[in-house]
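Enquirer: This is the structure I want to talk about, given as structure tokens.
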């Protein structure tokens, strides 16, 4: 099975991707997990470690790490899709603070497990720099640092222009925020390493086994039905393909480009000496990292949302978006003029209607779920796996008391309303960034469409 063309990460995972055996007929188990991405694999890992006697089966349509878990930007950060302020409004400031602490701890937990299990995923905890490159972006940077200080956390530092440039020498830098709570990693190596690890602990992983329906205590596949006390839906951006869930979580594509390995002289000019991940305070999200083999990987939103949440490989390739990502990177770092871009790819991330991730278990039906990470899933999936462990085992803990547990997001609007709304919102964010560059003032357009984008 050749997945090299999917992404840089798949090509460099040092894995043959020989498929694991598919399901052969009906079977029964204690826990059936649908999806062998991070959510499913972390859940299997923590359950198997806590209860080696459990019969745990993971069902995967393609291969472990095929989806967003093997294609993302490689940020393991403490970011949660809903802001701390939004969570506080939904619940309470105390509960929002607990969620934030749990996210910070999840970054360290991913680093710990990778080391403890011998998963060589090129993990380095260098933190995140978010640059301010226009006056409105600097306003947002200052506001973020002030909000963090007001909440009593010490995880956001406001950097001067000189201090920011000393770490990341982009054009037009006016300042930056810095948080230590992020690790850069190789996503596909982490996913493939987790799959091998859970098998070592007795978990059965069936690849090439597409689940066509999830029902109480059942996962129905093209090759048989798996009956279980608990069925965990860990399908994220692919959720809409399941019957009855077409409006629960929608897929939005994020696209990425990567350079060739860059010489030391170029990195001396750019920075990122600690392999910090980086972004800036624009409205349309961008993200980057310096890889272990000295490439620059840079991604962002902007690809159109596909009508009716259709998943297709054609949505992973958008020449206009790839071109914009390359030109944006060269504009930020002129030293890249002439550098060769060797890879371009994309993948679907999952977004709930209120842009708030959730995890839960319905004890009557045995149906559990986690998802809606809005691209912040590398660490949030780890928190989901530990939380699902506690929910499945019926163990009330600090994790099961977090505000995202049991949260139910509303359904998305029917088509064509959601297609219009999401794509208008994405386009508006691009226009808002351009408006701010021209006027030097915060965009009124961004404020107007913010409700569409969480």
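Enquirer: Could you tell me whether any residue of segment 208-221 is touching a helix residue (DSSP H, G or I) at 6+ places or on another chain (Cβ under 8 Å), more than 20 Å from residue 66 (Cα to Cα) and in contact (Cβ under 8 Å) with a residue 40 or more places away in the chain?
Expert: No: zero hits.
Enquirer: Touching a helix residue (DSSP H, G or I) at 6+ places or on another chain (Cβ under 8 Å), in contact (Cβ under 8 Å) with a residue 40 or more places away in the chain and assigned to a helix (DSSP H, G or I): is that true of residue 139 in this structure?
Expert: On the way: touching a helix residue (DSSP H, G or I) at 6+ places or on another chain (Cβ under 8 Å): no; in contact (Cβ under 8 Å) with a residue 40 or more places away in the chain: yes; assigned to a helix (DSSP H, G or I): yes.
So residue 139 does not fit the description; no.
Enquirer: Only one of 97, 13 is under 25 Å from residue 278 (Cα atoms), under 23 Å from the mean Cα position of the chain (by Cα) and assigned to a loop (DSSP other than H, G, I, E, B). Can you tell me which?
Expert: 13
Enquirer: Suppose the filter is closer than 25 Å to residue 87 by Cα and either part of a loop (DSSP other than H, G, I, E, B) or in contact with a helix residue (DSSP H, G or I) (Cβ under 6 Å, 6 or more places away or on another chain) (or both); does residue 396 pass it?
Expert: Here the answer is yes, as residue 396 does meet what is asked.
Enquirer: Of the residues in segment 351-366, how many are part of a strand (DSSP E or B) and surrounded by 20 or more Cβ atoms within 10 Å (Cβ to Cβ)?
Expert: Qualifying residue count for the region: 4.
Enquirer: Would you mention how many residues in segment 16-44 are surrounded by fewer than 24 Cβ atoms within 10 Å (Cβ to Cβ) and either assigned to a loop (DSSP other than H, G, I, E, B) or in contact with a helix residue (DSSP H, G or I) (Cβ under 8 Å, 6 or more places away or on another chain) (or both)?
Expert: The number of residues fulfilling the criteria is 11.
Enquirer: Looking at segment 68-82, is at least one residue more than 24 Å from residue 325 (Cβ to Cβ), modelled with pLDDT under 95, touching a helix residue (DSSP H, G or I) at 6+ places or on another chain (Cβ under 9 Å) and buried (at least 24 other Cβ atoms within 10 Å of the Cβ)?
Expert: Yes, segment 68-82 contains at least one residue that is more than 24 Å from residue 325 (Cβ to Cβ), modelled with pLDDT under 95, touching a helix residue (DSSP H, G or I) at 6+ places or on another chain (Cβ under 9 Å) and buried (at least 24 other Cβ atoms within 10 Å of the Cβ).
Enquirer: So residue 52 fits all but one of (1) surrounded by fewer than 21 Cβ atoms within 10 Å (Cβ to Cβ); (2) part of a loop (DSSP other than H, G, I, E, B); (3) in contact with a helix residue (DSSP H, G or I) (Cβ under 9 Å, 6 or more places away or on another chain); what number is the exception?
Expert: Among (1) surrounded by fewer than 21 Cβ atoms within 10 Å (Cβ to Cβ); (2) part of a loop (DSSP other than H, G, I, E, B); (3) in contact with a helix residue (DSSP H, G or I) (Cβ under 9 Å, 6 or more places away or on another chain), the lone unmet condition for residue 52 is (3).
Enquirer: With surrounded by fewer than 21 Cβ atoms within 10 Å (Cβ to Cβ) and closer than 26 Å to residue 247 by Cα as the only criterion, which of 339, 308 stands out? Quick ask: steps written out before the conclusion?
Expert: Working: 339 fails: closer than 26 Å to residue 247 by Cα.
Checking each option against the conditions leaves just 308.
Enquirer: Right, here's the next one. Among the numbered criteria (1) surrounded by fewer than 17 Cβ atoms within 10 Å (Cβ to Cβ); (2) free of Cβ contacts under 8 Å to residues at least 24 places away in the same chain; (3) over 24 Å from the mean Cα position of the chain (by Cα), which one does residue 158 miss?
Expert: (1)
Enquirer: Please indicate, with yes or no, whether at least one residue in segment 423-431 is touching a residue at least 60 places away in the same chain (Cβ under 8 Å) and under 27 Å from residue 244 (Cα atoms).
Expert: Within segment 423-431, one or more residues are touching a residue at least 60 places away in the same chain (Cβ under 8 Å) and under 27 Å from residue 244 (Cα atoms).
The values are calculated or read from the model by the stated rules, or taken from the named source; none is laboratory data. Because the structure is a prediction, the values reported are computed rather than measured. A quick note on method: Cβ atoms are made from the backbone with ideal geometry, for glycine too, and the neighbour counts reach across all protein chains shown.
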